[in-house]
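The values are calculated or read from the model by the stated rules, or taken from the named source; none is laboratory data. The shown structure was predicted, so the numbers you read here are calculated from the model rather than taken from an experiment. Using ideal geometry, Cβ is built from the backbone for each residue, glycine included, and neighbour counts are taken over all protein chains shown.
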Number of protein chains: 4
Amino acid sequence: MSIVLSHTGYGKSEIRLVKVTRRRHGHDLRDLTVGVKLEGDFDAAYVDADNTGLLTTDTMRNAVYALAKERPIDPIESFGRRLVDHFLGAGAGVTRARVDISEHPWARLEVGGRPHEHAFQRAGGGNRVATVAGDGGGVDGIQIEAGIDDLLVLKTTGSGWEGFLRDRFTALPETSDRILATIITARWSYNGPEIEFTAAWRAVRQTILEAFCDHYSPSVQFTLHHMGKAVLDARPEVERISFSLPNKHHLLYDLERFGLENKNEIFQATDEPYGLIEGTVERSPA
Amino acid sequence: MSIVLSHTGYGKSEIRLVKVTRRRHGHDLRDLTVGVKLEGDFDAAYVDADNTGLLTTDTMRNAVYALAKERPIDPIESFGRRLVDHFLGAGAGVTRARVDISEHPWARLEVGGRPHEHAFQRAGGGNRVATVAGDGGGVDGIQIEAGIDDLLVLKTTGSGWEGFLRDRFTALPETSDRILATIITARWSYNGPEIEFTAAWRAVRQTILEAFCDHYSPSVQFTLHHMGKAVLDARPEVERISFSLPNKHHLLYDLERFGLENKNEIFQATDEPYGLIEGTVERSPA
Amino acid sequence: MSIVLSHTGYGKSEIRLVKVTRRRHGHDLRDLTVGVKLEGDFDAAYVDADNTGLLTTDTMRNAVYALAKERPIDPIESFGRRLVDHFLGAGAGVTRARVDISEHPWARLEVGGRPHEHAFQRAGGGNRVATVAGDGGGVDGIQIEAGIDDLLVLKTTGSGWEGFLRDRFTALPETSDRILATIITARWSYNGPEIEFTAAWRAVRQTILEAFCDHYSPSVQFTLHHMGKAVLDARPEVERISFSLPNKHHLLYDLERFGLENKNEIFQATDEPYGLIEGTVERSPA
Amino acid sequence: MSIVLSHTGYGKSEIRLVKVTRRRHGHDLRDLTVGVKLEGDFDAAYVDADNTGLLTTDTMRNAVYALAKERPIDPIESFGRRLVDHFLGAGAGVTRARVDISEHPWARLEVGGRPHEHAFQRAGGGNRVATVAGDGGGVDGIQIEAGIDDLLVLKTTGSGWEGFLRDRFTALPETSDRILATIITARWSYNGPEIEFTAAWRAVRQTILEAFCDHYSPSVQFTLHHMGKAVLDARPEVERISFSLPNKHHLLYDLERFGLENKNEIFQATDEPYGLIEGTVERSPA
């Protein structure tokens, strides 16, 4: 029996990059958080204190800012691809590079009903995210995942929870009318070579939101599959979509003890504990 | 010399209240965080272990939910007023009640270009807040403060920082073109008896945003006064407005060392440290 | 009626300073977060875009690091005093300077049962804080406040809540045995000219903790006064002490519905809502 | 091509459980955050709105509290095992159950130099964590992982960063003396059937800390492997250990521009961006 190093990886996290592009009719603002991770054979550094094969993470940071200067960073999937290509060349030991990008939404301020040229406010609607990973094998070796983070949505009705399994520890009453609230995290992959990333992202996001609205939800589980299927039905370029949906419980507050009827009107929003529902919907050859 | 209790107060914080009102053409959703604080003579409890004059904070929570059921909670200033009136009657020792309300913004989801009846997403644009305090002296004893929290805004140009005081420890270069970003916290009071709170709040918020946009900012300090003055000029019902404006520094990233010119294009957003600029603008009889 | 600027102040927040002092028998580590705030007549900047009287907040940051180099930063009350003296000289308009310091606790790692010379781990027990403010009037114009933040304590018994006021919305049962948990925030001032700040701080902290332990708590309110009185009784140099004590509710979990008895054994810890109890205990000439 | 559900799982997160055990010489306090996740065939619920195979996550919460009542929860690995066994029986579709437990450290308060019977303060030193997963295949189907979270450590010297790869974007100077600070996250597995979990956990933790201290660190990568090898050398029952080590950068503050020498004395602690170093050390048959 010997002792071995079986997995290594390192990188830079939380690189906060803002790019301003001055166009004729106004400024374009992009606000990203970028993470870089390299995997490969770094045993000389880990085991023998030989750093000659290690790109320092400060250099990764500089490269992110410099490459953001040299080329457009929009769409983020393409910027991620350029970063991956760059980092795959960053030392002999690197076998895989991965870049995570999260884009924070801004909306133009309106003055006199018209959008301002260079003033913005933070918008709602969640972050656009992309993960690009590559192993140096060219186009075939590149994986691109798009997604949404932190998209908080809520329905005041059209949701219930009935007919579930009961055992010794079940106390929850059934209901056919409750608040359904979740913070959507979604990740999806594309199947084609030529994707219009921004148009596709917007369409997937809108399809998710419309599917969230368009049905009675008998469970978060059902709504998850319903949203995933809606995306695959509407967008042939999407191969697979995964969701992570916390159930942000809104508890009907007990007002009967004070002589008041509470017909799905007054709720206590809670942060913890919360249910967490996950699932993947994808195309199958079958 | 003796030892005395010189100040007492207690209450309930972070009461999370959601109210759904079912109207003919759709549901109305209100999402509040409420805090209650009572001040007065509670010495018997603090010193002598006599709790007979203390309303338990759990009762405060119940009262917030119950009063939200019995009456509208919109506008939050009026709901705060009702809560203050209620709590002023909560025990002989109470001499002052204070209620802090923060309303979290939601926007209707759009399906097929039309707003949905009961589905929402968390919106941007900051929380609407109100603080109401009263001492039992009727209308004259009530103070109402309205405000905004967590309104993140940014200008990509139209801001500089020049001509400042220099001493032994000054190293910052002057600039006539920088990113200006801040998270607006504002609090204001009204001078009239009959305020349309929601219309006034919207108008103040829009005036602040337009003033943020409409000038070259030589300093956060100047912009603070400029926004405050704009509000008082435009809204005669506002008596006084205070701002707390963190300077969310965006540092021009040094790319020259890599042979790249960076003409206000690539920035590093930073969280700490940050400048913090405060000030109050108000009407004066003079 | 005219519109006036009635209050101004600005400064730098979240300056993260670590100082290492190499002594014969090991390194000394100090880890501070510092905030600076200046008040005064800055109207020229706020109103007229004249920055000549403004020290830039970046200079404040540099000064904090530079003064930390030139002199000891221990105790933090004395370091705060030096910073206040420095900033009172920072421009003609400054009438008051305030410095807030929070010191984050580290403990030496132990190797073979002995403390290591230069390796540390983050310790529990809360942050030591100090606020120093001055108006340029020499010793008489200086206010020093010491304190503790973020000191989480809990008693598994020896606490109850009975005999409180009941009204229409009261539902909480009385109990003579509950968990009492709070995160102690305390601030106190000294009355003498020559205080051994570190020894005094340690003694006050230990007195608070022992007083937390040594009695049956009929309410958080009583425990607050009890701890404050214990400090004033034990430490003649303390003039006044204030506490802010969130009641971190631990709810007895209802297991009877599952046929299990729960005699103060199984609790659900909750974050929100929480009670918040405040009070000041001080010496009086009477 | 058809559209299929390819992965499902759901559970309850952030269950906050506190257990008090009254022993002859004092109370024992355990403070846990528990997460439960079930995987299996839940297609009927996701696709067909048939909830009959779903245990509601509220029942999971109840079960965690109830099982904590019926049996000891110490060590957390054994409590996790009991929970997994329980949840594997929770419905026909369940093929795998996973329980994550994080134990928050408390230390007894000392009064008069002696530990108190029932009063505690939050301690430093990180959370003890355990993950237990099972697929219903008996002992062979159970995986137990122990670990540490949130253990913040720092060396003021004995660390450098030299000889690394340089490219076009490398600007970082080399150093043979810097602050090394990280927040240790570690996970390890055992190879034997009869582990004394608590004794083993304490020994692994102490070995990690001593290894952090006992060498000159030429890189976080080297220190990672060094700590992992030390654990495997010292503890034959440990089969594999993984680390995730953020490099909490402490930047030497530039004081030379103010005429001051800064010989590794004054540092700016930073939160972002940060390096992130990962790796696994394990036994190999070779």
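Which pairs have Cβ atoms under 7 Å, sit 6 or more apart or on different chains, and link a residue in the range C:260-283 that is of a type in the set (Phe, Trp, Tyr) to one that is not in a strand (DSSP E or B)?
If the second residue must be not in a strand (DSSP E or B), the pairs left are C:267/C:179; C:267/C:253; C:274/C:248; C:274/C:249.
Which one is farthest from the other protein chains (Cβ to nearest Cβ) among residues in the range A:170-204 that are part of a loop (DSSP other than H, G, I, E, B), within 25 Å of residue A:133 (Cβ to Cβ) and of a type outside the set (Gly, Ala, Ser)?
Residue satisfying both the conditions and the ranking: A:196.
Quick check on the range C:129-149. Is at least one of its residues at the interface with chain D (Cβ under 7 Å from one of its Cβ atoms), out of contact with any Cys (no Cβ under 6 Å at 6 or more places or on another chain) and not charged (D, E, K, R)?
Checked the range C:129-149: no residue is at the interface with chain D (Cβ under 7 Å from one of its Cβ atoms), out of contact with any Cys (no Cβ under 6 Å at 6 or more places or on another chain) and not charged (D, E, K, R).
Give just the number: which of (1) on the phi < 0 side of the Ramachandran plot; (2) out of contact with any Leu (no Cβ under 8 Å at 6 or more places or on another chain) does residue C:163 not satisfy?
(1)
Just the residues that are touching a residue at least 60 places away in the same chain (Cβ under 8 Å) and either more than 22 Å from residue C:273 (Cβ to Cβ) or not hydrophobic (A, V, I, L, M, F, W, C) (or both), please, taken from the range B:20-76.
B:25, B:26, B:27, B:30, B:31, B:33, B:35, B:37, B:74, B:75
Answer yes or no: is there a residue in the range C:107-115 that is within 11 Å of another protein chain (Cβ to nearest Cβ), over 27 Å from residue C:45 (Cα atoms), out of contact with any Pro (no Cβ under 8 Å at 6 or more places or on another chain) and in contact (Cβ under 8 Å) with a residue 40 or more places away in the chain.
Within the range C:107-115, one or more residues are within 11 Å of another protein chain (Cβ to nearest Cβ), over 27 Å from residue C:45 (Cα atoms), out of contact with any Pro (no Cβ under 8 Å at 6 or more places or on another chain) and in contact (Cβ under 8 Å) with a residue 40 or more places away in the chain.
Yes or no: the range A:252-274 includes at least one residue that is within 10 Å of chain D (Cβ to nearest Cβ) and either in a strand (DSSP E or B) or in contact with a Phe, Trp or Tyr (Cβ under 9 Å, 6 or more places away or on another chain) (or both).
yes
So is residue C:167 within 14 Å of chain D (Cβ to nearest Cβ) and surrounded by fewer than 19 Cβ atoms within 10 Å (Cβ to Cβ) or not?
no
Looking only at the range A:214-247, count every residue that is closer than 20 Å to residue D:58 by Cβ, outside any strand (DSSP E or B), touching an Asp or Glu at 6+ places or on another chain (Cβ under 8 Å) and more than 8 Å from every other protein chain (Cβ to nearest Cβ) and tell me the total.
Number of matching residues: 0.
Would you mind finding the one in C:232, C:251, C:224 that is free of Cβ contacts under 8 Å to residues at least 24 places away in the same chain and among the hydrophobic types (A, V, I, L, M, F, W, C)?
C:251 is the lone residue from the list that is free of Cβ contacts under 8 Å to residues at least 24 places away in the same chain and among the hydrophobic types (A, V, I, L, M, F, W, C).
What is the one condition in (1) under 29 Å from residue B:45 (Cβ atoms); (2) touching a Leu at 6+ places or on another chain (Cβ under 8 Å) that residue C:119 does not satisfy?
Single failed check for residue C:119: (1).
Among what's in the range D:36-86 and is within 9 Å of another protein chain (Cβ to nearest Cβ) and of a type in the set (S, T, N, Q), pick the residue that is farthest from residue D:13 (Cα to Cα).
Per the criteria, the residue is D:52.
Can you report the number of residues in the range C:115-132 which are closer than 27 Å to residue D:120 by Cβ and assigned to a strand (DSSP E or B)?
Adding up the residues that qualify gives 10.
Go through the range C:133-164 and give me each residue that's at pLDDT below 95 and either in a loop (DSSP other than H, G, I, E, B) or crowded, with 21+ Cβ neighbours inside 10 Å (or both).
Within the range C:133-164, C:135, C:136, C:137 meet the criteria.
Take the range C:3-46 and flag every residue that is among the acidic types (Asp, Glu) and more than 25 Å from the chain's Cα centre (by Cα).
Once the filter is applied, which keeps residues that are among the acidic types (Asp, Glu) and more than 25 Å from the chain's Cα centre (by Cα), the range C:3-46 yields C:41, C:43.
Which residue out of B:21, B:33 is more than 7 Å from chain C (Cβ to nearest Cβ), assigned to a strand (DSSP E or B), buried (at least 19 other Cβ atoms within 10 Å of the Cβ) and at pLDDT 95 or above?
Within the list B:21, B:33, the selection yields B:33.
Got at least one residue in the range C:90-106 being part of a helix (DSSP H, G or I), in contact (Cβ under 8 Å) with a residue 12 or more places away in the chain and out of contact with any strand residue (DSSP E or B) (no Cβ under 7 Å at 6 or more places or on another chain)?
no
Return the residues of the range A:193-214 that are buried (at least 16 other Cβ atoms within 10 Å of the Cβ) and among the hydroxyl-bearing types (Ser, Thr, Tyr); say none if nothing qualifies.
Across the range A:193-214, the qualifying residue is only A:207.
Filter the range B:42-61 down to the residues that are under 18 Å from residue C:246 (Cβ atoms), of a type in the set (A, V, I, L, M) and not in a loop (DSSP other than H, G, I, E, B) and list them by number.
Within the range B:42-61, B:45, B:55, B:60 qualify.
If I filter the range B:108-132 down to residues being hydrophobic (A, V, I, L, M, F, W, C) and surrounded by fewer than 19 Cβ atoms within 10 Å (Cβ to Cβ), which single residue comes out as modelled with the lowest pLDDT?
In this case the residue turns out to be B:111.
Test residue D:122 against the stated conditions and say whether it is within 14 Å of chain C (Cβ to nearest Cβ) and over 23 Å from the mean Cα position of the chain (by Cα).
Considered against the rule, which asks whether it is within 14 Å of chain C (Cβ to nearest Cβ) and over 23 Å from the mean Cα position of the chain (by Cα), residue D:122 comes out as no.
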